[in-house]
Amino acid sequence: MCREILEKTTFDYLQEGVDAPILAVVDPDPNAPGVLYAKELGLLTFSDYHSLYDSRYNIHLIIILTPGQEVFDEILASRPPRIRIMSYAVFDIFWNAIGSEERKLREQKSAMETVLNGIQDSILVLTPEMEIIEVNDSFLELSGSSREDVIGSKCHQIYAQLNHRCDDVDMICPLEDVVRNQEHTRQIRTREGKDGELRHFEVNVYPIWEKSGKISKFIHISRDVTQRLKEEEEITRRLEQMVEERTLQLRETHAKLLHQDKMASLGKLSASVVHEINNPIAGILNLVMLIHRIIDEDQLQDKDLPLFRQYLNLMETETRRISRIVTNLLAFSQPKTAAVSSVKINQLIERTLILNANLLKVNQVKVTKHFDSDLPDMMGSEDQLQQVFMNMISNAVEAMEAQSGGVLDIVTACSAKDDRIIVKFRDTGTGIPKEDFSKLFEPFFSTKTDGKGVGLGLSVAYGIVKEHGGSIFVESDQGVGTTFRLTLPRSSIEKPLRGGIDGGHENSDR
């Protein structure tokens with residue numbers, strides 16, 4: 001029993017500051033287990049208990065480990081008053097109680113070790129001095145170390161094989177981070193695994209606080225997230241690939257929608273241009289037939305030459321007029337790459353008005369132009385910008401069609417403040433209901449109920465303007481009219497445009 005007590009006593013018997021150190025062991029048998037072990041510990045050993053009475057040893061309590069009553073009676077009768085006695089029976093009760101608590105603690109410790117060793121995450125318990133005092137099996141297996149090699153070592157000795165603190169300038173030591181912020185910390189750290197490959201670990205460090213407010217221990221938990229990060233990278237790569245494929249599909253759809261809108265506009269123009277061309281052709285035909293009749297009747301005389309020259313001049317004028325109309329129509333209908341070049345906005349609007357001349361005349365729409373004569377050129381796609389103007393003019397005409405005409409006012413100006421060109425199309429049509437403003441630039445949305453539009457014109461126009469780095473604003477009052485204001489940067493486009501439409505819009509302040 002004496003040896004068991006000595007073995008289970010955890011403090012250093014000769015350590016200063018211990019309140020009740022065991023100083024000596026007494027046994028008549030010099031070979032008793034308790035005596036031999038006490039000698040190993042450097043304690044005093046005696047064969048006679050009377051030696052304990054010597055005041056030099058400063059002994060205050062004698063614990064009797066012999067069940068016999070006579071030893072207790074003898075010591076009780078002979079001891080100095082300063083020395084107290086604890087009988088075997090009393091100590092046995094305390095010792096059994098301590099043993100019971102010890103067994104419970106041992107069972108709890110065993111259960112806790114089983115739990116910790118069953119966790120796949122690596123767990124270490126460290127002191128504030130970064131010394132490892134406990135570790136679970138997962139860490140030992142991952143690091144390929146033995147418990148003896150790890151316990152008592154510094155964390156930097158195990159992780160970085162360094163005899164000094166880590167000096168990683170890219171990342172703060174998680175323990176120092178906990179001390180600095182006074183709270184749990186989480187980091188992703190990269191280390192070399194036992195297979196020599198780089199592994200990524202999610203490190204969580206939790207502080208254990210003393211009542212005084214100081215940190216007594218750190219719980220260091222790390223988890224290998226290499227595979228998870230690889231899977232996340234693969235998922236990200238697949239998502240990026242899907243986005244790229246979807247973007248390509250959208251671009252193809254954009255091109256189809258752009259072409260579809262152009263064909264719809266071309267269909268409207270064709271009917272208008274046919275009538276516009278018919279007039280000069282009919283005039284040319286009449287003049288040709290007149291010339292033929294004069295020649296056939298053999299009535300051609302020298303005095304008729306000026307008249308013939310006048311006829312030819314009229315025919316040339318009308319032919320050139322037809323040529324301009326056809327050239328503009330071909331320029332609009334033929335697909336072009338959206339190459340960036342210098343664009344003269346005023347001239348482009350004039351050409352677009354020529355194409356729509358008959359449409360304007362048939363619908364009794366008067367055009368007023370307030371062009372800035374000093375309007376500078378801008379960088380952009382002439383073909384795409386013409387399509388925007390075509391849609392603006394066409395929509396304005398259709399808005400005024402129901403009221404048998406109106407006025408389309410076109411204004412161009414340059415804002416020197418932000419180096420932008422401003423183009424306004426103001427009509428006196430029926431206006432746009434306020435509830436339609438949020439959907440105005442959406443593909444396939446149309447306010448036309450008679451099947452005249454497919455709902456792509458404004459959406460395409462918006463996409464082209466946005467591609468040029470510009471904006472479209474709209475103001476409208478029902479029964480008064482609508483104004484579309486386009487703002488276009490003069491020189492922000494430096495590469496070919498992809499063309500098409502996107503899914504948003506900038507609305508007006510109305």
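A short reminder: the numbers here are calculations on the coordinates, not readings from a lab. As the structure is a computational prediction, the values presented were derived from the model and not from experiment. Glycine also receives a Cβ, built like all others from the backbone with ideal geometry; neighbour counts cover every protein chain displayed.
Take 426-433, 286-293 and order them by the average number of nearby Cβ atoms within 10 Å per residue, most first; the result is 426-433, 286-293. Summing Lys and Arg as +1 and Asp and Glu as -1 over all other residues whose Cβ lies under 13 Å from the Cβ of Asn31 gives a net charge of 0.
Remark: relative contact order (the range 2-107) = 20 percent; criterion is Cα-Cα distance under 8 angstrom and separation of 6 or more residues.
Quick check: Cα centre of the range 199-217 to Cα centre of the range 51-124, how many Å? The range 199-217 and the range 51-124 have Cα centres spaced 34 Å from each other. Peptide packing for 112-122, 375-385 was compared via the average number of neighbouring C-beta atoms within 10 Å per residue; ordered from the highest value, the list is 375-385, 112-122. For the range 195-249, chymotrypsin sites (Phe, Trp or Tyr not before Pro) meeting the loop criterion (DSSP other than H, G, I, E, B) and having at most 14 other Cβ atoms within 10 Å: none. Each peptide in 388-399, 357-368 gets a packing score, the mean of other Cβ atoms within 10 Å over its residues, and the list from highest to lowest is 388-399, 357-368. Within the range 182-214, list the trypsin sites (Lys or Arg not before Pro) lying in a DSSP loop whose Cβ has at most 12 other Cβ atoms in a 10 Å radius. In loop regions of the range 182-214 (DSSP not H, G, I, E or B), the sparsely surrounded trypsin sites (Lys or Arg not before Pro) are Lys194, Lys211, Lys214.
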